[in-house]
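Undergrad: Below is a structure I'd like to ask you about.
Derivation of every value follows stated rules applied to the coordinates shown; laboratory data play no part. Note that the coordinates shown come from a computational prediction; the quantities given were computed from them, not determined experimentally. Every residue, glycine among them, receives a Cβ derived from its backbone with ideal geometry; neighbour counts consider all protein chains shown.
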Amino acid sequence: MNKTIALLCWLSSLPASGIGQVPVPQTLADSTWISYRLIHPLHTIDARSNAVQYHIVADPLSRKITGVTASVDVTTFDSGNSNRDSHAMEVIDAITYPDAGFSSTTITEKGDSLFVAGNLTFHGVTKAVTMAGVFAWSPGRLEVHGGFDISLTEFKVDRPALLLIPVEDKLAFSLNAVFVWKN
C-alpha cells in the first residue's frame, strides 16, 4: 500500500534549559524510515518510505521524551514493484488523501521500552493507535525502533484481492528514527 502509512513523526522543539534553549534534534536521513507489511495468502508485500518526517520533543540531558509527531506522503512508499505501488495508491485514494500523520497523546517509558499512544490520520480517518518499541540514548543521540498495526477496514480502506482472495485486514508498520543534537 502506498498511502498506507502515517505514524510516528516527532515534534521538533525542545524545552528551554537554564541559560539558553536546548538544541533542536535533527533526524539522520539514512537511518530514518517507515515501512509496512501487507499479507495475502499467496505473498507478502513490504514497502518502505525514507521520506517520513519525524519530530520529537525530548531533553537529551534528562533523557525524557515528551512528544512526537510524524508525517509521510503515502506516494513515497516503494515495494520494488511500480505496478503494485500504483494499484496501492488507487486503493487508498492517494490523490484525495496523500498524507498520513501521527501526533502523540501519551508516552510511557519502561526500561528501554517505549509506548507512544496518539492519533493516526490515514485515508481521511483518525483513530487512536499505540506504537510499541525500544529506544536507546547515547551522547547527543537517540534511536527509536518500533511498530504498530492498523485495521484496513477501520480506516475505511477496501481490502484489495488477488484471485478473489482479499489481503489480511492487518497492515503492520515498522519504523526507525535516529535523532542527533548538535550544538
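Undergrad: In terms of Cα to Cα distance under 20 Å, which lysines are near enough to residue 127, apart from those fewer than 8 places away along the same chain?
TA: 3, 156, 170
Undergrad: In straight Cα distance, which lysines are under 17 Å from residue 182, not counting same-chain residues fewer than 8 positions off?
TA: The qualifying lysines are none; the list is empty.
Undergrad: Suppose each label sits 7 Å from its Cα in the direction of the beta carbon; what would the residue 132-residue 86 distance come out to in nanometres?
TA: 3.9
Undergrad: Right, next: Among 141, 37, 63, rank each residue by its count of other Cβ atoms within 10 Å, from fewest to most, as a rough exposure measure. Could the numbers behind the result be given before it?
TA: Details: 141 14, 37 18, 63 11.
Starting with the residue having the fewest Cβ neighbours, the order is 63, 141, 37.
Undergrad: Right, here's the next one. Aspartates and glutamates near residue 110 by alpha-carbon distance under 16 Å, same-chain residues fewer than 8 away left out - which ones?
TA: 143
Undergrad: Let me ask something else. If you take all C-alpha pairs in the chain, what percent of them are over 26 Å apart? Display every interim value, and only then the final one.
TA: Values: 5132 of 16653 pairs.
Value for the chain: 31 percent of Cα pairs lie more than 26 Å apart.
Undergrad: Okay, next question. Which angle from 0 to 90°, rounded to the nearest 10, does the C-alpha axis of helix 82-91 make with the longest principal axis of the chain?
TA: Orientation of helix 82-91: about 90 degrees from the principal axis.
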